[in-house]
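Working notes for the structure below.
Quick note: the coordinates plus some simple rules give every number you see, no bench work behind them. Everything numeric in this text was worked out from a predicted model, so none of it was measured. Methodologically, a virtual Cβ is constructed for each residue, glycine included, from the backbone with ideal geometry; neighbour enumeration extends over all protein chains shown.
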Amino acid sequence: MAHQFTTSYLKDSLDLFRYYKKLGERAMEQCPDEGLFATLDRESNSIATIVKHIAGNMRSRWTDFLTSDGEKPDRNRDTEFETPPQTRAALLSLWESGWKIFLGALEPLSDADLGRTVTIRGEPHSVMQAINRQIAHYASHVGQIVLLAKHYAGHGWKTLSIPKARPAGG
């Protein structure tokens, strides 16, 4: 992500979210298909499960964002960790659907909206607080996706950021 100076909280937030979206996509591109669905152990989540959870969160939090509680009554969070998508295509479709809902809710906001009150699980948040909460949430899960994708890609992994310095002659 090329840094662009801004004093707009919303622009900076959108830029960060788009960066994390792209980071997750670039990681998943390098992950072999079987790695998308593998877990490190019984208590770990696969990339597919993490994507299902992120998409479920985005749908719940950002559908009717300004007018309804961010924890929708039809969301069953626990099922987001069961029966993940079974193909790369289904996984990427779910990823895109979540991001479409999310960006569709965030992009039209203006600075005047930042002080408005929204609720998440019945607790009041300013719009700015809700955005900050999701930056942290999505960044942590994209970090998990990157770590897992790198693990499963093995020696074929191409860094997503600044590569380590190589020793001279190495």
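The table below gives the values:
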quantity: The chain - charge dipole about Cα centre, Lys and Arg +1 at Cβ, Asp and Glu -1, debye rounded to 20; calculated: 500 debye
quantity: Ranked packing of 135-148, 153-166, most packed first, by mean Cβ within 10 Å; calculated: 135-148, 153-166
quantity: Efficiency of FRET between T117 and T79 - r from beta-carbon atoms, R0 30 angstrom, step 0.05; calculated: 0.55
quantity: Neighbourhood charge, 11 Å Cβ-Cβ cut-off, centred on K100 and excluding it, Lys, Arg +1 and Asp, Glu -1; calculated: 0
quantity: Simple label model, 7 Å out from Cα along Cβ direction - Y9 to L66, nm; calculated: 1.5 nm
quantity: Dimensionless Rg ratio for segment 29-134, taking C-alpha atoms and the 2.2 N^0.38 Å reference; calculated: 1.19
quantity: Proximal lysines to K100, defined as alpha-carbon separation beneath 18 angstrom and excluding residues fewer than eight positions away on the same chain; calculated: K11, K21, K22, K52, K72
quantity: Using distinct alpha-carbon pairs, which all enter the 1/r mean, Kirkwood radius of segment 1-73 in Å; calculated: 14.8 Å
quantity: Estimated vicinal HN-Hα couplings, Hz - segment 85-92 in sequence order (Karplus 6.51, -1.76, 1.60; Gly, Pro = x); calculated: x, 9, 9, 4, 4, 5, 4, 5
quantity: Helix-only [θ]222 nm of the chain, DSSP H runs n ≥ 4, -39500 (n - 2.57) each, per residue, nearest 500; calculated: -17500 deg cm²/dmol
quantity: 37 °C / 0.692 mPa s Stokes-Einstein diffusion coefficient of segment 90-159, Kirkwood radius on C-alpha pairs, µm²/s; calculated: 226 µm²/s
quantity: Segments 57-65, 81-89, 32-40, 125-133 sorted - mean Cβ within 10 Å per residue, highest first; calculated: 57-65, 125-133, 32-40, 81-89
quantity: Where labels lie 7 Å past Cα in the beta-carbon direction, separation of S44 and R166 in nm; calculated: 2.8 nm
quantity: Calculated FRET efficiency for the pair R26/S110, C-beta based, R₀ 41 Å, to 0.05; calculated: 0.85
quantity: Karplus (6.51, -1.76, 1.60) ³J(HN,Hα), θ = phi - 60°, over segment 18-27, in Hz, Gly and Pro reported as x; calculated: 5, 4, 5, 4, 5, 4, x, 5, 5, 5
